[in-house]
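Working notes, structure below.
The values are calculated or read from the model by the stated rules, or taken from the named source; none is laboratory data. Quick caveat, the model's predicted, so the values are computed rather than measured. Backbone-built Cβ (ideal geometry, glycine too); neighbour counts: all protein chains shown. All accessible areas refer to the heavy atoms of the entire protein, side chains included, with ligands and DNA or RNA removed. Shrake-Rupley method; radii C 1.70, N 1.55, O 1.52, S 1.80 Å.
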Amino acid sequence: MGEESLRKRKGQDSRKEDGQSIQSEEPQTTNLQKQVGLISGICMIVGTIIGSGIFVSPKSVLANAGAVGPCLVIWAACGVLATLGALCFAELGTMITKSGGEYPYLMEAFGPIPAFLFSWTSLLVTKPSSFAIICLSFAEYASAPFYPGCDPPPVVIKCLAAAAIVVITIVNSLSVKLGSYLQNLLTAAKMIIVTIIIVSGIVLLAQGKTENFKDSFKDSKISVSSIGLAFYNGLWAYDGWNQLNYITEELKNPYRNLPLSIIIGIPLVTICYVLINIAYFTVMTSTELLQSQAVAVTFGDRILYPASWIVPLFVAFSTIGSANGTCFTAGRLVYVAGREGHMLKVLSYISVKRLTPAPAIMFYGAIAIIYIIPGDINTLINYFSFAVWIFYGLTVFALIVMRFTRKEVNRPIRIPIVIPVIVTLVSILLVLIPIISAPELAYLYCVLFILSGLIFYVLFVHFKFSWPQKISSKYT
């Protein structure tokens, strides 16, 4: 679908009666069904955000903050910022009730080019590579008990991670309800280990284990660069706060369940993160935490022995749950991009029997498997992660723009304008601080990759080179 049809769609939306939100008006006979309720929405947010990060390596925040006090403050502040960002997305999601996360909002506010660049970057780099990393983390924990005293072979880890991607892809291709139920189950499992760690920490505090909290702000690093990098790492652990906006079309009563899921889910994650870090500091000094390879495992070895095996088991559940939530939502972005003509048309197809965007999910899984083949891609993720906040900031800025350009659209939720202004400014800082504090060519390469999407946009969307669409349609 080219620019003309995109403008036509936008014109149809703008001519809708006052009091209505911007709805998807697809001529397709088969559409996504509303099968995700409030509980599943909360589980989707909590289950996607809480992955391996808080259990394995919260030390990156501590390393930049320098002390226990500012570390805990930053974890709480990151939760507040994630909540503010999610509230902005809640207004967008109830105003524009289309799946695909940032994609339809950028389309409505700025037109097809920023939306295409977002889908280009997300579909080929940030989403599938994050999916791959989460599954690699799962594979490391799942295979560790079979190789006591040594690291599992890389081949075993990669094969197990690929198998996890295949299973999750199949589950989410077969049924929305099955994927949603699996997410609920795994979220419940990860909340068990979260509860165990938090309760253990509370018991230790009640027993007087507070020595690591004395002079908690001593040796703290107070500088724009260090605090900015600490926020950067903390917010990475909160990534996933916008996941429900990817499945808006499948939410039951989105005007109620979208904001409620956000208001309940993200503060719950924030409280859990702060209490988990407090629990860590009851048994480890700052130095010991920084030296630990897997903080939760070290905690379990000291507190839960001989039942310390519970920690890696439930961390594996946690990571696979996060991977399932990521696949469930990111597959919808592929689907919406295909529906708008920014990806192959076959990716916009929905299974008639299963009512799932199966081709989009399988495409997403295949790209993720490709990212498993190289050795260590964590460095690649770190360099590209700042691109996420480019689009977060641009999307929230779109909310500000549409307050003036789309005044006629009904907004079931209308947040104070100061909130998107704050989130936009923080997003700009989060993008600039890593570049200023540690400038590297990798950031330039990332920007060049994003802009390279313009070449494909010009060829296949603007000039409508249709042979890829004909090839994809021929074999479907």
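For segment 359-404, enumerate the residues that are among the polar types (S, T, N, Q) and at pLDDT 85 or above.
Selection gives Thr395 alone.
Just to check your reading of the model, which residue among Leu229, Leu260, Leu313, Leu268 is open to solvent by 10 Å² or more (accessible area, probe 1.4 Å), among the aliphatic types (A, V, I, L, M) and under 24 Å from Thr97 (Cβ atoms)?
Unique residue meeting the criteria: Leu260.
Within the set of pairs 6+ apart or on separate chains, which have a first residue in segment 145-166 that is of a type in the set (D, E, K, R), a second that is in a loop (DSSP other than H, G, I, E, B) and at pLDDT below 85, and C-beta atoms under 8 Å apart?
Listed by first residue and then by second, the contacts come to Lys158/Ile373.
Could you tell me which of the residues Thr298, Thr248, Thr287 is surrounded by fewer than 17 Cβ atoms within 10 Å (Cβ to Cβ), on the phi < 0 side of the Ramachandran plot and not small (Gly, Ala, Ser)?
Thr287
Tell me, yes or no, whether segment 40-50 has at least one residue that is surrounded by fewer than 22 Cβ atoms within 10 Å (Cβ to Cβ), touching a residue at least 24 places away in the same chain (Cβ under 8 Å) and part of a helix (DSSP H, G or I).
No - not one qualifying residue is present in segment 40-50.
For segment 109-219, which helices (runs of 4 or more DSSP H) that fit wholly inside it have 3 or more residues that are open to solvent by less than 40 Å² (accessible area, probe 1.4 Å) and over 24 Å from Ala294 (Cα atoms)?
In segment 109-219, the matching helices (runs of 4 or more DSSP H) lie at 112-121, 154-174, 176-206.
Specify the residue that is modelled with the highest pLDDT; the eligible residues are those in segment 60-77 that are touching a Phe, Trp or Tyr at 6+ places or on another chain (Cβ under 6 Å) and either buried (at least 23 other Cβ atoms within 10 Å of the Cβ) or among the polar types (S, T, N, Q) (or both).
Trp75
Here is a check on your reading of the model: is Gly66 touching a residue at least 40 places away in the same chain (Cβ under 8 Å) and within 29 Å of Ile264 (Cβ to Cβ)?
So Gly66 fails the test.
This table checks each residue for (1) closer than 30 Å to Thr210 by Cα; (2) small (Gly, Ala, Ser).
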| position | (1), (2) |
| --- | --- |
| Arg256 | no, no |
| Ile266 | yes, no |
| Leu275 | yes, no |
| Leu289 | yes, no |
| Asp301 | yes, no |
| Ser318 | yes, yes |
| Thr329 | no, no |
| Leu333 | no, no |
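Could you identify the single residue in Tyr305, Tyr280 that is of a type outside the set (Gly, Ala, Ser) and in a loop (DSSP other than H, G, I, E, B)?
Criteria check complete, one pass: Tyr305.
Please go through segment 308-331 and give me each residue that is part of a helix (DSSP H, G or I), aromatic (Phe, Trp, Tyr) and at pLDDT 80 or above, ordered by number.
Phe314, Phe317
Would you check which residues across segment 404-416 are surrounded by 14 or more Cβ atoms within 10 Å (Cβ to Cβ), over 21 Å from Leu260 (Cα atoms) and basic (Lys, Arg) and list them?
Arg406 - this is the single residue of segment 404-416 that is surrounded by 14 or more Cβ atoms within 10 Å (Cβ to Cβ), over 21 Å from Leu260 (Cα atoms) and basic (Lys, Arg).
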